[in-house]
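> I'd like to ask some things about the structure below.
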Amino acid sequence: MNNVNKIACLLSGCILLLLTACLLILFLRRHTAQDPDTTYTAYLYQDGQLLQTIPLSQLAEPRRFTVEAPAGGYNTIEVSCQGISIAEADCPDQICVLQGTITDSMLPITCLPHRLVIELKPDDAASGDAPDAIAY
């Protein structure tokens with residue numbers, strides 16, 4: 001085997017090892033960060049301004065409402081005690097709709113064309129009694 005093949009194999013192995021480590025960290029973080037008794041509050045932001053907060057634990061039944069974008073357009077939000085999602089939007093890429101329902105604080109829903117961000121925060125972190133970051 002010449003030097004180029006050895007370097008290519010070594011580089012491929014390092015990349016594969018790095019990807020495996022990243023996937024393992026994400027998997028462990030997701031399964032250790034979720035507490036089944038955690039309740040969340042949804043925060044809806046548009047253009048960086050807080051539009052609405054919705055405590056998911058206080059919802060008796062699922063509800064839908066529409067958020068109008070200042071430059072035109074809309075997002076229809078569907079919220080239940082299990083999570084929150086964008087059910088319908090008139091943006092061209094539909095990434096926010098395809099993201100589905102979020103049930104934890106790992107990843108927010110973002111609609112860039114309408115400048116809308118929806119994130120879930122644990123209720124204990126929202127009260128200010130707990131730290132706002134977790135180190136692993």
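The values are calculated or read from the model by the stated rules, or taken from the named source; none is laboratory data. What you are looking at is a predicted structure, and each value in this text was computed from that prediction instead of being measured. Backbone-built Cβ (ideal geometry, glycine too); neighbour counts: all protein chains shown.
> Could you tell me which numbered condition Gln82 fails, if it satisfies all but one of (1) more than 15 Å from the chain's Cα centre (by Cα); (2) in a loop (DSSP other than H, G, I, E, B)?
Gln82 satisfies every listed condition except (1).
> Turning to a different aspect of this structure: Does Ile77 meet the test of being surrounded by 12 or more Cβ atoms within 10 Å (Cβ to Cβ), of a type in the set (Val, Ile, Thr), in contact with a Ser or Thr (Cβ under 8 Å, 6 or more places away or on another chain) and without any contact (Cβ under 8 Å) to a residue 24 or more places away in the chain?
Against the criterion (surrounded by 12 or more Cβ atoms within 10 Å (Cβ to Cβ), of a type in the set (Val, Ile, Thr), in contact with a Ser or Thr (Cβ under 8 Å, 6 or more places away or on another chain) and without any contact (Cβ under 8 Å) to a residue 24 or more places away in the chain), Ile77 does not qualify.
> Further question on the same structure: Taking the condition of being outside any loop (DSSP other than H, G, I, E, B), at pLDDT 90 or above and either of a type in the set (Asp, Glu) or more than 17 Å from the chain's Cα centre (by Cα) (or both), how many residues in segment 87-136 meet it?
Qualifying residue count, segment 87-136: 3.
> Moving on to the next point. Please give the number of the condition Arg63 fails out of (1) under 14 Å from Asp104 (Cβ atoms); (2) in the same structural domain as Asp104 (by TED's automatic domain parsing).
Of (1) under 14 Å from Asp104 (Cβ atoms); (2) in the same structural domain as Asp104 (by TED's automatic domain parsing), only one is false for Arg63: (1).
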